[in-house]
Amino acid sequence: QVQLVESGGGLVQAGGSLRLSCAASGRTSRGYVMGWFRQAPGKEREFVAAISSGGGLTYYADFVKGRFTISRDNAKNTVYLQMNSLKPEDTAVYCCAASVGTSIMTSTYDYWGQGTQVTVSS
């Protein structure tokens, strides 16, 4: 079992930045593909970014390319999402997830955090 806890959300003006963190406990997250997802009110959850277990490969949704960066520190069992140039449409609850699979293109995630709210004002 892996427990995931997100932090770093908050209220920011459009154009601003936030860095989200996802701390893993229980079994180490070192061997897992890690992903970030978001869900806005009234909308379905959508994929944001993923990173391979070693951190060498990353994959992004088109709507965040060039603005968001996913990274991980396996020594700290933590995954990050640096979000720059934020837009009001980025407002959502952001969750991290862990997959026991090996592909960053996976759509199957096995463990989920509770999420952290990100609100971008115009």
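The values are calculated or read from the model by the stated rules, or taken from the named source; none is laboratory data. Here the structure is a predicted model, which is why all the values come from computation and not from measurement. Note: ideal-geometry Cβ built from the backbone for every residue, glycine included; neighbour counts use all protein chains shown. The area values use the complete protein model at the heavy-atom level, side chains included, leaving out ligands, DNA and RNA. Shrake-Rupley method; radii C 1.70, N 1.55, O 1.52, S 1.80 Å.
What's the number of the only condition in (1) open to solvent by 80 Å² or more (accessible area, probe 1.4 Å); (2) more than 16 Å from residue 10 (Cβ to Cβ) that residue 117 fails to meet?
(2)
Out of 45, 67, 19, I need the residue that is touching a residue at least 24 places away in the same chain (Cβ under 8 Å), over 23 Å from residue 101 (Cα atoms) and surrounded by 13 or more Cβ atoms within 10 Å (Cβ to Cβ). Which one?
Details: 45 fails: over 23 Å from residue 101 (Cα atoms); 67 fails: touching a residue at least 24 places away in the same chain (Cβ under 8 Å).
Just a single option satisfies the conditions, and that option is 19.
If you scan the stretch 45-66, which residues turn out to be of a type in the set (Lys, Arg) and more than 13 Å from the chain's Cα centre (by Cα)?
The initial filter retains those residues of the stretch 45-66 that are of a type in the set (Lys, Arg), namely 45, 65.
Hit for the stretch 45-66 is 65, nothing else.
Do you know which residues across the stretch 22-35 are in a strand (DSSP E or B) and open to solvent by less than 60 Å² (accessible area, probe 1.4 Å)? Quick ask: steps written out before the conclusion?
Taking the stretch 22-35 and keeping what is in a strand (DSSP E or B), we get 22-26, 33-35.
Correct list: 22, 23, 24, 25, 33, 34, 35.
Starting from residues that are assigned to a helix (DSSP H, G or I) and open to solvent by 10 Å² or more (accessible area, probe 1.4 Å), keep the ones in the stretch 79-100 and report whichever is farthest from residue 16 (Cα to Cα).
Checking each candidate, the answer is 89.
In the list 40, 92, 50, 61, which residue meets the criterion of being among the hydrophobic types (A, V, I, L, M, F, W, C), closer than 16 Å to residue 2 by Cβ and modelled with pLDDT of 95 or more?
Just a single option satisfies the conditions, and that option is 50.
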